[in-house]
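Peer 1: One structure is given below, represented as structure tokens, and several questions about it will come after.
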Amino acid sequence: MGYRLSYGEMNEIIAGLNQKYRVYAPKNVAGRSGGTIRYGEISAVCDIVLEAQSDFSPKEIVCPVVQTMLLFHEDICTESAIDGKGIILLARPCDINSFERLDTIFLENGDEVDNYYARLREKVKFVLLECASGFESCFCVSMNANRTESYNAALRFADGEVFAEVRDPELAACFDGCRAHDFTPRFIEQNEKKIQLPDIQSDGLQRLYQLDFWNEYDEECVSCGSCNAVCPTCSCFDTIDIKYNETSRDGERRRIWACCMHENFATRATPCSCAGPTAIRTRPKASKGSTYLS
């Protein structure tokens, strides 16, 4: 079903949705560096940033930068709780497509699903944000990420109006009384930037690992981890235990985003005959970010 709304009508719908859902969209978030665009909760159309790319991907909504897994007190351990609200995520086609990769990693990579990802992921309803045109750095068409059918509703913002396609019956109820309109979202067919993915066979990975390109790249990389933070399909994390103070047995287990571009990414504790069983050894690597290929 399609609809045509004013911004005021859309604001009323968002206000109604906020009673049952946490509604996320790209928005300006204040910070020490003057602010960034990342996914945050919105209360009105004016909160949504449409004219610029987000500096972060929406993956942090279901895979938070820091996520408490367990709480422990003396000899008692309990799983962390989440609130009962659902999640509505306004995202572009490329970002919606990226969740297919995250779902494969956290839900299909082994005999058991990752409960901490699954319990947030199952709450998500996707609302597609139509891209009027690609940004200068976009190459979604080359990656076949410019289209998706995995959405519960779709929105176009144009000339002070909102055009909506609503597939989800629960969301459609929020649009009762709005003007009907025949609307189907359009998808970008061509980007300014084009790329061609090489056909790399598994027996060629080691040769790629030895290319001088990685040494050149290593000279510029400062291991800040920004590339992994913004990448919608990066999923590595560390698990750490936090004690609330030095003498207590109270604390929590957290997982936090990790980064294959960090110097110590592949560091691990291994037995060592010369230094005892707790010696720390790091796998040698030619460049940051390549340890998993060696």
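Peer 1: Among the GluC sites (Glu not before Pro) within the stretch 1-65, which fall in a DSSP loop and have no more than 16 other Cβ atoms within 10 Å of their own Cβ?
Peer 2: Glu51
Peer 1: Fewest to most neighbouring Cβ within 10 Å: what's the order for Arg255, Arg147?
Peer 2: Fewest to most other Cβ atoms nearby, the residues stand as Arg147, Arg255.
Peer 1: Taking a 25 Å limit on the Cα-Cα distance, which of the listed pairs Lys27/Lys125; Lys27/Lys123; Lys27/Lys194; Lys125/Lys193; Lys125/Lys243 fall beyond it?
Peer 2: Lys27/Lys194; Lys125/Lys193; Lys125/Lys243
Peer 1: Need the full-extension length gain, Asp103 to Asn18, defined as separation in residues times 0.36 nm minus the C-alpha distance. One decimal, nm.
Peer 2: 28.0 nm
Peer 1: What order do you get for Lys59, Lys27 when you list them from fewest to most C-beta neighbours inside 10 Å?
Peer 2: Lys27, Lys59
Peer 1: While we're on this one: Computed FRET efficiency, Cβ-Cβ of Tyr7 and Ile195, R0 30 Å: what is it to the nearest 0.05?
Peer 2: 0.25
Peer 1: For the stretch 11-16, what does the Karplus curve 6.51 cos²θ - 1.76 cosθ + 1.60, with θ = phi - 60°, yield as ³J(HN,Hα) per residue in whole Hz, taken in order and with x for Gly and Pro?
Peer 2: Taking θ as phi minus 60°, the curve returns 4, 5, 5, 4, 4, x Hz for the stretch 11-16.
Peer 1: If the label point is 7 Å along Cα→Cβ of Asp218, which residues in the stretch 236-265 have backbone nitrogen under 15 Å from it?
Peer 2: Within reach of a label on Asp218, which here means backbone N under 15 Å from a point 7 Å along Cα→Cβ, the stretch 236-265 contributes 261-265.
Peer 1: While we're looking at this one, here's another question. Okay, helix-only estimate at 222 nm for the chain: each DSSP H run of n ≥ 4 adds -39500 (n - 2.57), divide by all residues, round to 500 deg cm²/dmol; what do you get?
Peer 2: Helices in the chain give a 222 nm mean residue ellipticity of -5000 deg cm²/dmol.
Peer 1: Quick one: if you stick a label point 7 Å off each Cα along the C-beta vector at Asn115 and Ile82, how many nm between them?
Peer 2: Result: 1.3 nm between the two label points.
Peer 1: Amide H neighbours of Arg22 under 5 Å, at least 5 residues apart or on other chains, H built in the peptide plane: list them.
Peer 2: Amide H to amide H, under 5 Å and 5 or more residues apart or across chains, Arg22 pairs with Gly86, Ile87, Ile88.
Peer 1: Out of the GluC sites (Glu not before Pro) in the stretch 103-206, which ones are loop residues according to DSSP with at most 12 other C-beta atoms within 10 Å?
Peer 2: Passing both the DSSP loop test and the Cβ count: Glu108, Glu112, Glu122, Glu136, Glu149, Glu189, Glu192.
Peer 1: Using a Förster distance of 35 Å, how high is the FRET efficiency between Leu50 and Ser248, based on the Cβ-Cβ distance and rounded to 0.05?
Peer 2: It comes out at approximately 0.15.
Peer 1: At a 10 Å Cβ-Cβ cut-off, how would you order Tyr3, Tyr217, fewest neighbours first?
Peer 2: Tyr217, Tyr3
Every read-out reported here was derived from the displayed coordinates using simple, explicitly stated rules and does not represent laboratory data. Remember, predicted model here, so these are calculated numbers, not experimental data. Note that each Cβ is placed from the backbone with ideal geometry, even for glycine, and that neighbours are counted across all protein chains shown.
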